[in-house]
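Colleague: Following this message is one structure expressed as structure tokens.
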Amino acid sequence: MRTTPLAVPAALTALLLLAACDTGSGDGGGDGKRESAACSVDTVSMEVGPASIAPAAGDTGEVPVGFTNQSATCTLDGFPEVRLAGAGDPTTVEVPPTEGAAAQRLTLAKGESASFTLTYERGTPGDGAFDAESLRVDLSGTRTFRWTYGPVASDGRDGHKISVSAYQQAGD
């Protein structure tokens, strides 16, 4: 009896090997790079200050907020989401981006830092100023800090004289 070599097992083996290969098509780009997750309050340490406090009504102050990634690589995209909240009052003030600022997309590896700055004008209590008690930073979750920098002046329309810069890479 004569036998012929079977090419099917080799072809089948090659097909199975190709099917088992990861082509990267499930990672969002097919380039073999993984997208990093958004940074969150659970994965970064956060600190407010030291601030340049506006000493009197009409003066301008700056409050920096810095944070360091404590976990796997994460991404910051757009502008920081920041609100001021009043004492025992559900009223909050959304802090808009600084006029003319351009949003950035930053990727932070473990141990890397970034920051943003709130710039505000101190107001006179009872003159439309917002008497804030806390600063709320939303970063895939909310972290709350005490606001001890005085009332924020009214802009005379329906807002207040406060804004937030874009995210900035900190360090080297």
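Colleague: Just how far, in whole angstrom, is region 75-121 from region 145-172 if you go by their alpha carbon centroids?
Modeller: 8 Å
Colleague: Ok, one more. Under a 5 Å amide H to amide H cut-off, with H placed in plane at 1.01 Å, what residues pair with Ala170 once short-range neighbours are removed?
Modeller: Under 5 Å from the amide H of Ala170 lie the amide H atoms of Ser113, Ala114, Ser115, each far enough along the sequence or on another chain.
Colleague: Can I ask one more? Could you give the accessible area per residue of region 54-172, probe 1.4 Å, as a whole number in Å²?
Modeller: Counting only protein heavy atoms, the per-residue value for region 54-172 is 51 Å².
Colleague: May I pose another question? Contour minus end-to-end for Gln104 and Ser45, with contour as 0.36 nm per residue of separation and end-to-end as the Cα-Cα distance?
Modeller: Gain in length upon complete extension: 19.2 nm.
Colleague: List the trypsin sites (Lys or Arg not before Pro) in region 83-172 that DSSP assigns to loop (not H, G, I, E or B) and whose Cβ has at most 14 other Cβ atoms within 10 Å. Which are they?
Modeller: Answer by residue number: Lys110, Arg157.
Colleague: In nm, to one decimal, how far is the Ser36 label point from the Thr60 one, both placed 7 Å along Cα→Cβ?
Modeller: Each label point lies 7 Å from its Cα, and together they span 3.1 nm.
Colleague: Are there GluC sites (Glu not before Pro) in region 80-172 that DSSP marks as loop and that have at most 15 other Cβ atoms within 10 Å, and which are they?
Modeller: Hits after loop and neighbour filter: Glu99.
Colleague: Using 0.36 nm per residue of separation minus the Cα-Cα distance, give me the extension gain between Ser71 and Ser113 in nm, one decimal.
Modeller: 13.9 nm
Colleague: Can you give the net charge of the other residues whose Cβ lies under 11 Å from the Cβ of Ala166, counting K and R as +1 and D and E as -1?
Modeller: 0
The values are calculated or read from the model by the stated rules, or taken from the named source; none is laboratory data. The shown structure was predicted, so the numbers you read here are calculated from the model rather than taken from an experiment. A quick note on method: Cβ atoms are made from the backbone with ideal geometry, for glycine too, and the neighbour counts reach across all protein chains shown. Ligands, DNA and RNA are excluded from the accessible area calculation, which covers all protein heavy atoms including side chains. Shrake-Rupley method; radii C 1.70, N 1.55, O 1.52, S 1.80 Å.
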